[in-house]
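A short write-up of the structure that comes next.
No lab work stands behind these numbers, since they all come straight from the coordinates. On a predicted model such as this, the values are computed, not experimentally measured, just so you know. Cβ: placed from backbone, ideal geometry, glycine included. Neighbour counts: every protein chain shown.
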Amino acid sequence: MIPPSLSIDNQDAGQNSPPAILAVRSDEAELPEQTTVIFNRGTGSLNVELLDTDVNDTLQVRVFVGYTFDDPKPQRATCTAPPISNAKRTATCDLTALCTVDDVMRSATAPLSMSVVVFDRIPLESGTPAFQAMPEGGLSTNRFFFLKCTEM
């Protein structure tokens, strides 16, 4: 029988766990997944409550509108949740660029798609899927909503 190494230089990094989204809230209320959410163009924020047992990860939150793999579009909002000693943390994203003038017109007839995606690594500048590719070992999770953009 060989005893385990007691050296601190060679510790097992452990299992990498994906981040989880516990709640998504606008300035006014919690946003249930797969419902229609309404945001005024040029205003608002999004608060995302997260859980990640990898407490040293900096979580990257990205908000995408109209994103598909066939027609990928860059994120409209971005924020981070820095490492803390607790698995639960929050991030607040500024939504002033979430809705465009075109989005207000298009969503008047049918809602747009909106995804809140949380990455446990910084997404790569290039790669597949576009705007969401991650370094090896990176994990993500998302919440989907229907988006209606309005003018104030």
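See the values below:
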item: Positions within the range 118-143 being in a loop (DSSP other than H, G, I, E, B), surrounded by 17 or more Cβ atoms within 10 Å (Cβ to Cβ), in contact with a Phe, Trp or Tyr (Cβ under 9 Å, 6 or more places away or on another chain) and not aliphatic (A, V, I, L, M), in sequence order; result: Pro123, Phe131, Gln132, Gly138
item: Hits in the range 124-150 - residues which are more than 11 Å from the chain's Cα centre (by Cα), closer than 18 Å to Thr92 by Cα and not aromatic (Phe, Trp, Tyr); result: none
item: From Ala110, Ala97, Ala77, Ala81, residue being farther than 16 Å from Asn47 by Cβ, without any contact (Cβ under 8 Å) to a residue 60 or more places away in the chain and surrounded by 14 or more Cβ atoms within 10 Å (Cβ to Cβ); result: Ala97
item: Filtered residues of the range 98-117 (kept if assigned to a loop (DSSP other than H, G, I, E, B) and within 17 Å of Val24 (Cα to Cα)); result: Leu98
item: Residue satisfying all of: in the range 84-94; more than 23 Å from Glu28 (Cβ to Cβ) and either under 11 Å from the mean Cα position of the chain (by Cα) or not aliphatic (A, V, I, L, M) (or both); surrounded by the most Cβ atoms within 10 Å (Cβ to Cβ) among these; result: Asn86
item: Condition check for Leu46: more than 17 Å from Phe146 (Cα to Cα) and in a strand (DSSP E or B); result: no
item: Lone unmet requirement of (1) closer than 22 Å to Gln34 by Cβ; (2) under 11 Å from the mean Cα position of the chain (by Cα); (3) of a type outside the set (Phe, Trp, Tyr); (4) surrounded by fewer than 19 Cβ atoms within 10 Å (Cβ to Cβ) for Pro72; result: (2)
item: Residue check for Gln60: in a loop (DSSP other than H, G, I, E, B), under 16 Å from the mean Cα position of the chain (by Cα) and in contact (Cβ under 8 Å) with a residue 40 or more places away in the chain; result: no
